[in-house]
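Q: Pasting in a structure now, in structure tokens, and then I'll have a few things to ask.
Only the coordinates and a few stated rules stand behind these numbers; no lab work does. Just so we're clear, the structure is a prediction, and the values are computed from it rather than from any experiment. FYI the Cβ positions are ideal-geometry reconstructions off the backbone, even for glycines, and counts take in every protein chain you see.
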Amino acid sequence: MPSWMVATLCHVRARTLTLVVGMALVAGLSSANAAPERRPRVTIIGDSVAASILYTAQAQRYLQHRYDLKLDLAVCRRLVAASCAYQGHTPTTALEAIRERRGHLGRTVAIDVGYSDAASTYKAGLDRVMRALVSEGVRTVVWTTFKETSTSYRLMNGVIRHAKRRWKQLRVADWNAWSAGRPWFAGDGLHLNGAGAIGLAHLLARSIGSGR
């Protein structure tokens, strides 16, 4: 083969190798610089029953793996009426907690509040909380039902289920049905042991879905 042809082939091969290496480097840089997918912000506002998640690391990890999770859980919390006191501390109401987190709630908020509320005022309280959430741009509100250990909780569950007719953003997480027959409760039949906290976390994630 003439020397000029050999030189030409070597030049072509060198240029081809340079192009391949360059493309590989660009692909590698693009992959390295690609931002990891952001988990959706989800805020959970709850009372003493939901607060069991705070004391159960596995339940927290399960939710944190899926969401940019913000927990605002407090014993004795009520929806709108002044919360009751526990060990010298009176927590914010659900409505106050929402206002304090303005601009940082995310598109999805879960509400598990009401074990200290009165059935007679629950509908009005629910509507006030929903108005506040919708005004903050929340797209999905997951509202957890109560374990029906009393007539009051059964009536309040009816309020929650009927609220879907007024609020398209509302999605019911039926804790009463989900927890039926489970050994998830303390002696009062309401507050949760560790397994119950994990069970609640699973229900919330199932109800929230992708959170987007």
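Q: Using R₀ = 35 Å, calculate the FRET efficiency as 1/(1 + (r/R₀)^6) where r is the Cβ-Cβ separation of ARG182 and LEU155; round to 0.05.
A: Calculated value: 0.95.
Q: Based only on other Cβ atoms within 10 Å, what is the fewest-to-most ordering of LYS70, LYS168?
A: LYS168, LYS70
Q: So, counting K/R as plus one and D/E as minus one, what does the shell of residues with Cβ under 11 Å around GLY196 add up to?
A: +2
Q: Over the stretch 50-93, what relative contact order in percent results from Cα pairs under 8 Å that are six or more residues apart?
A: Computed value for the stretch 50-93: 27 percent relative contact order.
Q: If you put +1 on each Lys and Arg Cβ and -1 on each Asp and Glu Cβ, how big is the dipole of the stretch 87-181 around its Cα centre, in Debye rounded to 20?
A: The dipole magnitude comes to about 480 debye.
Q: Fewest first, what order do SER152, SER52 take by the number of other Cβ atoms within 10 Å?
A: Lowest count first: SER152, SER52.
Q: Neighbouring Cβ atoms within 10 Å as the yardstick, rank TRP175, TRP167 fewest first.
A: TRP167, TRP175
Q: Hey, if you put +1 on the Cβ of every Lys and Arg and -1 on every Asp and Glu Cβ in the stretch 124-212, which of GLY194, TRP184, SER207 ends up farthest toward the positive end of that dipole?
A: So the residue we want is SER207.
Q: Lys and Arg at +1, Asp and Glu at -1: add these up for the other residues within a Cβ distance under 11 Å of VAL109 and post the number.
A: Neighbour charge sum, excluding VAL109 itself: +3.
Q: For HIS202 and ALA85, what is the calculated FRET efficiency with R₀ set at 41 Å and r taken between the beta-carbons, to the nearest 0.05?
A: Step by step, r from the Cβ atoms, then E = 0.80.
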